[in-house]
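Peer 1: I have a structure I would like to understand better, so I am pasting it below and will then ask my questions one at a time.
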Amino acid sequence: MPLKELLIFHPESEYIADVEPLQKYIESELNVRDIIFTSDENSSGVRYRAVADWAVLGKKLRKDLGKVKNALPSVSSDAVKAYASTGNIRIEGINLIAGDLTIQRYLELPTGIEGQFATHTDNDVVIRLDIQIHSNLQGEWLARELTNRVQKLRKKAGLQATDDIDVYYQFEEGAGTELLTAIKDHAFLIQKTVGSVPVAIEDRKVGGTELISEEQEVADVKFVLFLVRP
């Protein structure tokens, strides 16, 4: 299913410059329409938190470990950000220095939209993926899936790219509404790729030679495709 947007954050512009050439590859692999590369924390909503290797920190703090462990989740983003710059932070009266804590950046989503996005962090790198289903993108995806089925059927029939054919479909009664809408809305895209816009088998032209027919499935909807030489 195509997705609308992926945001990739890293604080260093050099990292962004290294990743940007991979944009087309990422778009293709994730089937995402737009990618935003940024180092702007404020516009991205990037926050800071600190995590600790308790086994390591325990050797240093001993009996004070519990104090830090209980307080760490409440340490503010600004305080952790300051620790990243200075290498010093005081938690429950205990001084910690650079290396005692690991700093992670993360995205804090506004209340009410948590289910619309997925986020992940790998310390400095933060991503936000729009996981909503957008009807216009879904229709385009269905059209591309249908086109893909026609192309595979052409290959199976031994047709060349220059061979003109008519394409017909047959759905069970009441099925395929979304696919039919996609064919109508993206007729230009389909015709540009396969040379014609599929129509219902009931509207087949008089004459012509059926080359191949085969059951297909797109988005859990089964139907039959027919290729006919005019």
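The values are calculated or read from the model by the stated rules, or taken from the named source; none is laboratory data. Because the structure is predicted, anything quoted here is derived from the model rather than measured. Note: ideal-geometry Cβ built from the backbone for every residue, glycine included; neighbour counts use all protein chains shown.
Peer 1: Could you please find all residues in region 12-38 being more than 30 Å from Glu140 (Cβ to Cβ) and crowded, with 16+ Cβ neighbours inside 10 Å?
Peer 2: Selection gives Tyr15 alone.
Peer 1: Where residues in region 18-41 are outside any helix (DSSP H, G or I) and among the hydrophobic types (A, V, I, L, M, F, W, C), which of them is farthest from Asp130 (Cα to Cα)?
Peer 2: For region 18-41, the residue satisfying everything is Phe37.
Peer 1: While we're here: Going through Leu72, Leu6 one at a time, which residue ends up being crowded, with 16+ Cβ neighbours inside 10 Å, more than 30 Å from Leu146 (Cα to Cα) and out of contact with any Cys (no Cβ under 7 Å at 6 or more places or on another chain)?
Peer 2: Answer to the selection: Leu72.
Peer 1: Restricting to region 206-227, name every residue that is out of contact with any helix residue (DSSP H, G or I) (no Cβ under 7 Å at 6 or more places or on another chain), surrounded by 10 or more Cβ atoms within 10 Å (Cβ to Cβ) and either part of a loop (DSSP other than H, G, I, E, B) or outside the structural domain of Gly158 (by TED's automatic domain parsing) (or both).
Peer 2: Correct list: Gly208 only.
Peer 1: Counting just the residues of region 42-59 that are small (Gly, Ala, Ser) and assigned to a helix (DSSP H, G or I), which one comes out nearest to Glu20 (Cα to Cα)?
Peer 2: Of all residues in region 42-59, those small (Gly, Ala, Ser) come to 43-45, 50, 52, 55, 58.
Filter once more, keeping what is assigned to a helix (DSSP H, G or I): 43-44, 55, 58.
Details: Ser43: 19, Ser44: 17, Ala55: 38, Gly58: 41 Å.
Once the filter is applied, the top-ranked residue is Ser44.
Peer 1: Name the single residue that is surrounded by the fewest Cβ atoms within 10 Å (Cβ to Cβ) among those in region 121-176 being modelled with pLDDT of 90 or more and basic (Lys, Arg).
Peer 2: Lys155
Peer 1: Any chance region 192-205 includes a residue that's in contact with a helix residue (DSSP H, G or I) (Cβ under 6 Å, 6 or more places away or on another chain), of a type in the set (A, V, I, L, M, F, W, C) and in the same structural domain as Trp141 (by TED's automatic domain parsing)?
Peer 2: Within region 192-205, one or more residues are in contact with a helix residue (DSSP H, G or I) (Cβ under 6 Å, 6 or more places away or on another chain), of a type in the set (A, V, I, L, M, F, W, C) and in the same structural domain as Trp141 (by TED's automatic domain parsing).
Peer 1: If you don't mind, there's one more thing I want to ask. Which one of these does Ser44 not meet: (1) of a type in the set (S, T, N, Q); (2) buried (at least 17 other Cβ atoms within 10 Å of the Cβ); (3) under 30 Å from Leu142 (Cα atoms)?
Peer 2: Result: Ser44 fails condition (3) only.
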